[in-house]
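Input: a single structure, listed below in structure tokens.
The values are calculated or read from the model by the stated rules, or taken from the named source; none is laboratory data. All values derive from a computational prediction rather than experimental measurement. Neighbour counts run over all protein chains shown; Cβ positions are idealised from the backbone, glycine included. For the accessible areas, the whole protein counts, side chains as well, though only heavy atoms, and no ligand, DNA or RNA atoms are used. Shrake-Rupley method; radii C 1.70, N 1.55, O 1.52, S 1.80 Å.
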Amino acid sequence: MALLETPDRERGFNKERIIRILLNHVGDDLTKYRLAQLSEASEPWTRQFTETLEERGLVEGTEVVAPAELYRTWLDQRIEPNHVAVSLQQPMDLLAETDLQYALTTYQGENLQQGFLFASTTDFYIAPAEIDDWLTVGEEKGLLGGGNTRIRVIDDHVFYNQQTVDGFSTVSVPQLILDLVAEGGPCEEAAEKLIDSYHGDRQW
């Protein structure tokens, strides 16, 4: 097995893509046809999956009506990203200078978006096509295997609606919320605050 590779679960990615898009487009009057296009899933399959979500009272058409519950559903569907741990002296300085694609999440992502958590760990997603480039950076700038930085790889769609905050790239707020919940501990409280501010939903 390679040191870092994309999880081999492509069928499961479609459900995550659809939920990610729904939560990123709250109030945008998205059609199911457009939802299928954005998720790169077939229209019949997209309709079938959204109807399942509708039956559970999570959406009406493509409008999210129970955000916190939809995040729980997403967490159940979530495919764990593969990652490699790296020890870097100044990971944020490295990211500020790189031309490679990345998107911060968990502690650093939350700190940029909301500022509730102490940024003790630096987690970021990379593009599957740039795995070798990032591993080279890790070897040249730090030590692979253990440390303060986790380089994650998953479906390219994780970059959907990525944000730029203070010159740094972060995942979308819904993706950040999901990753915080998955991280657990104080990250879950930070996720609750983001759900409240982003969706106006206190029912976590």
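For the reader, a short list of remarks on this structure follows.
- Taking all protein chains into account, the per residue accessible area for the chain stands at 49 Å² (1.4 Å probe).
- Across all directions, the shadow cast by the convex hull of region 1-88 built on its C-alpha atoms averages 7.3 square nanometres.
- Alpha-carbon centroids, region 159-204 and region 58-135: separation in whole Å: 9 Å
- Using a Förster distance of 41 Å, the FRET efficiency for residue 97-residue 197 (Cβ separation, nearest 0.05): 0.85
- Folded to 0 to 90 degrees: helix 10-24 orientation relative to the chain principal axis, Cα: 80 degrees
- In region 88-204, the convex hull through the Cα atoms has an average projected area of 7.1 nm², a quarter of its surface area.
- Protection proxy ranking for 175-183, 13-21, 162-170, using the average of other Cβ atoms within 10 Å per residue and placing the highest first: 175-183, 13-21, 162-170.
- Volume per residue that the Cα convex hull of region 117-185 spans, once the total is divided by residue count, Å³: 119 Å³
- Cut-off 11 Å between beta-carbons: net charge of the residues surrounding residue 125, Lys and Arg +1, Asp and Glu -1: -3
- Here the accessible area of region 62-143 is 42 percent carbon and sulfur, with a 1.4 angstrom probe and all protein chains present.
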